[in-house]
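Q: I'd like to ask some things about the structure below.
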Amino acid sequence: MFLFYSFNFGMSYKPMVSSIEFRGSDKTKDYIIEREIHHQVNTLLDSSLAKEDRDRLDNLGLFSEVRWQAIPLDNGTAVLQYSIIESIQKTPPVVLPAYDEKTGWSLNGFWIIQNFRGRNQQLSVGGSIGARDSYGIGFSDPWMFGNHVSLDLGMGRTFFEHLFLDRSVKSSDFHFKLGRWHGEHVKMIISAELADKRFSNLLDTLSFSYIEPQWNIAYDTRDIFWNPGKGFHFHHYFSWKFDRTNRRESALIWKQSYSTFIQLGSNPKKLILAMNITANRRWGGKHDVWLKYFGGSHSVRGWPLPDRRSHSPLSQSFRFGHEYVYTSLELRKDIIPKFATSYKIETGLSVVGFVDVGLIGSDWSQLPAQQIMAGTGFGIRIPFPMIDAIRLDLGWGFRKGKWNSPAIHWGIAQKF
């Protein structure tokens with residue numbers, strides 16, 4: 001994080017701010033930036049408020065680097081200036097290999113405009129062939145109807161071989177989301193999804209056609225979303241999967257997540273203690289095709305991904321279930337704080353040490369009888385345009401007094 005003052009003044013420099021300006025925004029509309037700046041003109045310089053403005057601009061995900069400085073004027077006042085380096089906000093139609101832990105390697109073609117029309121809207125069109133055959137289109141705008149009222153639309157189709165069940169999966173879906181910030185820290189999203197899914201093998205085909213209303217509410221005081229140095233992020237997600245073809249397969253899902261971030265010391269190369277606990281409850285249909293698993297990059301790391309042979313629900317039932325709870329502790333250290341290169345691409349490097357512990361089972365009441373599943377290891381994080389960060393972890397799993405062989409996990413963005 002970069003904070004700049006005129007070299008003639010120290011931290012006690014508090015002039016009257018006579019004007020606010022920003023530089024470097026060639027594509028982004030002025031009002032997109034102005035609505036994130038809360039510092040007022042004709043008031044004394046408040047460095048903490050200017051820093052919060054800087055953080056809000058960074059959290060838009062549009063800029064590789066944001067700085068602020070107070071520029072003194074001859075009349076004793078100052079200009080509060082925000083200097084911005086816009087990141088890559090549009091890709092040409094490109095084709096690249098991509099890896100997904102649930103499916104494997106595919107060849108992806110996509111066209112993404114992150115700052116569509118300079119209004120912080122995102123438009124994306126894409127598809128893939130290989131382990132995952134898919135196509136889809138999406139659009140989002142965090143201020144579609146003003147005052148932080150957001151809109152998110154998307155539709156697509158997908159075909160792939162199931163990771164650990166002997167079935168192929170075909171799905172099509174359409175989703176619609178409306179969200180709104182209430183004050184500075186509370187965000188609520190109401191959404192609905194229409195989906196059809198088919199799970200097939202040589203013996204039979206299971207079909208599900210459901211309407212899924214959803215409700216999300218979050219309390220978020222993080223300073224920087226991609227790598228917080230302080231704050232809380234509490235999130236509750238409720239989903240009612242109403243199966244139109246078989247009501248016995250309908251289900252109510254409640255997922256909750258609690259995260260906190262604490263900076264240790266005041267070194268500009270931040271050292272952060274990050275903690276999270278996540279729980280998932282499910283009432284109603286619990287068919288095998290809806291099984292969750294531990295292992296991989298999003299739950300308990302240090303375990304190989306499930307498969308249809310040695311790491312299947314039949315051979316390692318302790319790794320699978322419909323309800324679970326896990327906790328993660330990470331110690332994150334900046335080695336190279338995020339910065340913009342000469343090509344306006346953000347980059348940097350952080351190292352992470354982690355410990356994950358959790359329980360998973362078919363029913364919440366069964367969890368106390370389960371053996372704890374754990375994993376520990378280390379990893380790296382590299383900031384990257386449009387996806388926050390690239391994540392690579394190496395971990396070792398632990399259960400019943402035994403360690404397993406190391407496993408590598410690849411992911412996008414922080415785990416929490």
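The values are calculated or read from the model by the stated rules, or taken from the named source; none is laboratory data. In this text, all values refer to a predicted model and were calculated from it rather than measured experimentally. Every residue, glycine as well, gets a Cβ built from its backbone with ideal geometry; the counts of neighbours run over all protein chains shown.
Q: Report every pair of residues separated by at least 6 positions or lying on different chains whose Cβ atoms are under 7 Å apart, first residue within segment 245-257 and assigned to a helix (DSSP H, G or I), second surrounded by 14 or more Cβ atoms within 10 Å (Cβ to Cβ).
A: Arg248/Gly285; Glu249/Phe208; Glu249/Asp243; Glu249/Gly285; Glu249/His287
Q: Just to check your reading of the model, which residue among Lys415, Lys333 is part of a strand (DSSP E or B), basic (Lys, Arg) and touching a residue at least 60 places away in the same chain (Cβ under 8 Å)?
A: Only one candidate passes the filter, namely Lys333.
Q: Output the number of residues of segment 10-22 satisfying the condition of being of a type outside the set (Asp, Glu) and part of a strand (DSSP E or B).
A: 6
Q: Could you go through segment 396-410 and let me know if any residue there is in a strand (DSSP E or B), in contact with a Lys or Arg (Cβ under 9 Å, 6 or more places away or on another chain), more than 18 Å from Phe294 (Cβ to Cβ) and assigned by TED's automatic domain parsing to the domain that holds Leu273.
A: Checking segment 396-410: not a single residue is in a strand (DSSP E or B), in contact with a Lys or Arg (Cβ under 9 Å, 6 or more places away or on another chain), more than 18 Å from Phe294 (Cβ to Cβ) and assigned by TED's automatic domain parsing to the domain that holds Leu273.
Q: Looking at segment 377-399 only, could you name the residues that are over 18 Å from Val351 (Cβ atoms) and at pLDDT 95 or above?
A: Gly397, Phe398, Arg399
Q: Taking the criterion of being on the phi > 0 side of the Ramachandran plot, at pLDDT below 95 and not in a strand (DSSP E or B), would at least one residue in segment 192-206 satisfy it?
A: No - not one qualifying residue is present in segment 192-206.
Q: Looking at segment 362-370, is at least one residue in contact with a Lys or Arg (Cβ under 7 Å, 6 or more places away or on another chain) and assigned to a strand (DSSP E or B)?
A: no
Q: Then there's this: Does Ala374 satisfy being at pLDDT 90 or above and in the same structural domain as Leu252 (by TED's automatic domain parsing)?
A: yes
Q: Within segment 224-238, does at least one residue satisfy the condition of being surrounded by 14 or more Cβ atoms within 10 Å (Cβ to Cβ) and either touching a Cys at 6+ places or on another chain (Cβ under 6 Å) or farther than 28 Å from Ile272 by Cα (or both)?
A: Yes: segment 224-238 contains one or more residues that are surrounded by 14 or more Cβ atoms within 10 Å (Cβ to Cβ) and either touching a Cys at 6+ places or on another chain (Cβ under 6 Å) or farther than 28 Å from Ile272 by Cα (or both).
Q: OK, next. For segment 170-182, state whether one or more residues are under 24 Å from Leu49 (Cβ atoms) and either touching a residue at least 24 places away in the same chain (Cβ under 8 Å) or not assigned by TED's automatic domain parsing to the domain that holds Thr278 (or both). Before the answer, list the steps.
A: Taking segment 170-182 first, the residues under 24 Å from Leu49 (Cβ atoms) are 180-182.
Checking which are either touching a residue at least 24 places away in the same chain (Cβ under 8 Å) or not assigned by TED's automatic domain parsing to the domain that holds Thr278 (or both) leaves us with 180-181.
Yes - at least one qualifying residue is present in segment 170-182.
Q: Of all residues in segment 23-49, count the ones that are part of a helix (DSSP H, G or I) and touching a residue at least 40 places away in the same chain (Cβ under 8 Å).
A: So the answer is 3.
Q: Scan segment 210-221 for residues that are under 19 Å from Ile253 (Cβ atoms) and surrounded by 15 or more Cβ atoms within 10 Å (Cβ to Cβ) and jot them down.
A: Tyr210, Glu212, Gln214, Asn216, Ile217, Ala218
Q: Further question: Consider segment 71-86. How many of its residues are buried (at least 21 other Cβ atoms within 10 Å of the Cβ) and small (Gly, Ala, Ser)?
A: Selection size over segment 71-86: 1.
Q: Right, something else. Among the residues of segment 99-155, which ones are within 18 Å of the chain's Cα centre (by Cα), in a loop (DSSP other than H, G, I, E, B) and on the phi < 0 side of the Ramachandran plot?
A: Glu101, Lys102, Pro142 - these are the residues of segment 99-155 that are within 18 Å of the chain's Cα centre (by Cα), in a loop (DSSP other than H, G, I, E, B) and on the phi < 0 side of the Ramachandran plot.
Q: Also: Among the residues of segment 173-190, count how many are in a strand (DSSP E or B) and surrounded by fewer than 17 Cβ atoms within 10 Å (Cβ to Cβ). First the steps, then the outcome.
A: Applying the first criterion (in a strand (DSSP E or B)) to segment 173-190 yields 173-182, 186-190.
Retained after the next criterion (residues that are surrounded by fewer than 17 Cβ atoms within 10 Å (Cβ to Cβ)): 174, 176, 178, 180, 182, 186, 188-190.
Residues in segment 173-190 being in a strand (DSSP E or B) and surrounded by fewer than 17 Cβ atoms within 10 Å (Cβ to Cβ): 9 in total.
Q: Of everything in segment 51-70, what is crowded, with 16+ Cβ neighbours inside 10 Å, within 20 Å of Trp226 (Cβ to Cβ) and in contact with a strand residue (DSSP E or B) (Cβ under 8 Å, 6 or more places away or on another chain)? Give them in sequence order.
A: Within segment 51-70, the first condition is being crowded, with 16+ Cβ neighbours inside 10 Å, and the residues that meet it are 52-70.
Among the residues that remain, those that are also within 20 Å of Trp226 (Cβ to Cβ) are: 52-68.
Matches in segment 51-70: Asp53, Arg54, Leu57, Asp58, Gly61, Leu62, Phe63, Ser64, Glu65, Val66, Arg67, Trp68.
Q: Hey, Lys187 hits all of (1) closer than 30 Å to Gln263 by Cα; (2) among the charged types (D, E, K, R); (3) in contact with a helix residue (DSSP H, G or I) (Cβ under 9 Å, 6 or more places away or on another chain) but one; which does it fall short on?
A: All conditions are met except number (3).
Q: Quick test for you: out of Gly321, Gly358, Gly377, pick the one residue that is farther than 30 Å from Ala251 by Cα and either in contact with a Cys (Cβ under 8 Å, 6 or more places away or on another chain) or touching a residue at least 40 places away in the same chain (Cβ under 8 Å) (or both).
A: Gly377
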